[in-house]
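The values are calculated or read from the model by the stated rules, or taken from the named source; none is laboratory data. Quantities reported herein were computed from a predicted structural model and do not represent experimental measurements. Reconstructed Cβ throughout: ideal geometry from the backbone, glycine too, with neighbour counts over all protein chains shown.
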Ligand SMILES: [Zn+2]
């Protein structure tokens, strides 16, 4: 669409104004959140590339505003005392910049972009980048910079690519442990740990505290769609090996509409069967970034209330919408969380209930401590159910970015919010190149 010829839609029922990006040129543009037919949409216009309407919340304006209100007071008191100067404003040169209003409570260390599967959808893939496999010394230096800027008291995640393609991963974990990181999470597809129990045991002995395992359902159909291969046996064997090695597991389903959104109840059943080894289930409603350049339709989107409705329906009310609240310290619209205990009759009992988070002046630290306690291997039969809705170029919301607490430790010593780091335009362009 040519400049000057954009005819803006008449938008009624606007409840929030924010800023977003043009999906085509990545310019910062104004965005409005409005209600239509009982759901919330983001509307934005680029003078060059036209207008965009994206589904952001599958529930009413009242539900959306109540959720934001409940999450709204969790702000840290002393944020980012040493911000990086910014000349182009959030999100164009973050690192963390002075626009950021929240502390970081989890940092991801990208150990490699090498992977042992070639997924059709990949969050982190950057076709422009060659092989990225820094030495352990380089990775520990990056972690050390993060530690100087923030702290080692927060969880650190080992990510990729696939981190277990590195034989020296146990030494990396050991190095991080010696630096003071006491909660080390390994994000994995499970292939290596399913067939190499000694490697898994070495990881545990070196300081890895929890396995964050991609787990999208109980049928190979979903894995064929996501990974391009069968994976169910791999996933089940990985859980069994974690039981033997006595290391906690969090199951991480990416929720894809029409692919596995009818399997969420089944995933909770698998988690229950494998408690207490399985410590949590962390759902990720699919986001369209990485190697996903074509504009997804709103019919392909599922949002936080959509996931919660599926859970309530598919567990026959054992897990209910009202058990959940915005999690911890990030922007309310980013995540949801609830804690359960297992009853003697094998049903889940909610320990949390949907309600205001209240004023919480050290929220990032509290989130860290909660995750450490609830995800670490234990004989206690508790289960966290939660999730995070990562943002893509269509729904990205600068107000959410400013409150992000989950960041990537970049190789140029920046600390960059995850959704900022991986946002990808329709042309495959990114604000920040490379995986790290
Ligand atoms: Zn544009």
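Go through the stretch 255-288 and give me each residue that's modelled with pLDDT of 95 or more, closer than 18 Å to residue 305 by Cα and either assigned to a strand (DSSP E or B) or within 14 Å of the chain's Cα centre (by Cα) (or both).
Scanning the stretch 255-288 gives 255, 281, 282, 283, 284, 285.
Residues checked against (1) under 21 Å from the mean Cα position of the chain (by Cα); (2) surrounded by fewer than 17 Cβ atoms within 10 Å (Cβ to Cβ):
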{"site": "109", "(1), (2)": "yes, no"}
{"site": "115", "(1), (2)": "yes, no"}
{"site": "129", "(1), (2)": "no, yes"}
{"site": "146", "(1), (2)": "yes, no"}
{"site": "149", "(1), (2)": "no, no"}
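Which of the residues spanning the stretch 12-46 are more than 23 Å from the chain's Cα centre (by Cα) and not in a strand (DSSP E or B)?
Once the filter is applied, which keeps residues that are more than 23 Å from the chain's Cα centre (by Cα) and not in a strand (DSSP E or B), the stretch 12-46 yields 12, 13, 24, 25, 27, 37, 38.
Hey, residue 58 hits all of (1) touching a helix residue (DSSP H, G or I) at 6+ places or on another chain (Cβ under 6 Å); (2) at pLDDT below 95 but one; which does it fall short on?
So the condition that residue 58 fails would be (2).
Being surrounded by fewer than 20 Cβ atoms within 10 Å (Cβ to Cβ) and in contact (Cβ under 8 Å) with a residue 60 or more places away in the chain is the filter; apply it to the stretch 19-66 and report the residue that is farthest from the ligand (Cβ to nearest atom).
Only one residue tops the list, namely 63.
With the stretch 363-436 as the region, which helices (runs of 4 or more DSSP H) entirely inside it contain at least 1 residues that are within 15 Å of residue 92 (Cα to Cα) and in contact (Cβ under 8 Å) with a residue 12 or more places away in the chain?
On the way: elements: 363-375, 398-402, 418-422.
In the stretch 363-436, 398-402, 418-422 are the helices (runs of 4 or more DSSP H) which contain 1 or more residues that are within 15 Å of residue 92 (Cα to Cα) and in contact (Cβ under 8 Å) with a residue 12 or more places away in the chain.
Given (1) in a loop (DSSP other than H, G, I, E, B); (2) under 14 Å from residue 421 (Cβ atoms); (3) in contact (Cβ under 8 Å) with a residue 40 or more places away in the chain, identify the lone condition not met by residue 99.
(2)
Here is a list of conditions, (1) touching a helix residue (DSSP H, G or I) at 6+ places or on another chain (Cβ under 6 Å); (2) assigned to a loop (DSSP other than H, G, I, E, B); (3) at pLDDT 90 or above, and residue 356 meets all of them except one; can you say which number that is?
(3)
Among the numbered criteria (1) more than 23 Å from the chain's Cα centre (by Cα); (2) surrounded by fewer than 17 Cβ atoms within 10 Å (Cβ to Cβ), which single criterion is violated by residue 194?
Every condition holds for residue 194 apart from (2).
So, in the stretch 217-236, how many residues would count as being surrounded by fewer than 18 Cβ atoms within 10 Å (Cβ to Cβ) and either at positive phi or assigned to a strand (DSSP E or B) (or both)?
Looking only at that region, the number is 1.
Collect the residues in the stretch 197-216 that are in a loop (DSSP other than H, G, I, E, B), under 16 Å from the mean Cα position of the chain (by Cα) and surrounded by fewer than 24 Cβ atoms within 10 Å (Cβ to Cβ), keeping them in residue-number order.
none
Counting only residues that are assigned to a loop (DSSP other than H, G, I, E, B), modelled with pLDDT of 90 or more and in contact with a strand residue (DSSP E or B) (Cβ under 8 Å, 6 or more places away or on another chain), which one in the stretch 316-353 is farthest from residue 282 (Cα to Cα)?
So, considering only residues that are assigned to a loop (DSSP other than H, G, I, E, B), modelled with pLDDT of 90 or more and in contact with a strand residue (DSSP E or B) (Cβ under 8 Å, 6 or more places away or on another chain), the one farthest from residue 282 (Cα to Cα) is 343.
Out of curiosity, is residue 127 touching a residue at least 40 places away in the same chain (Cβ under 8 Å) and within 21 Å of residue 271 (Cα to Cα)?
no
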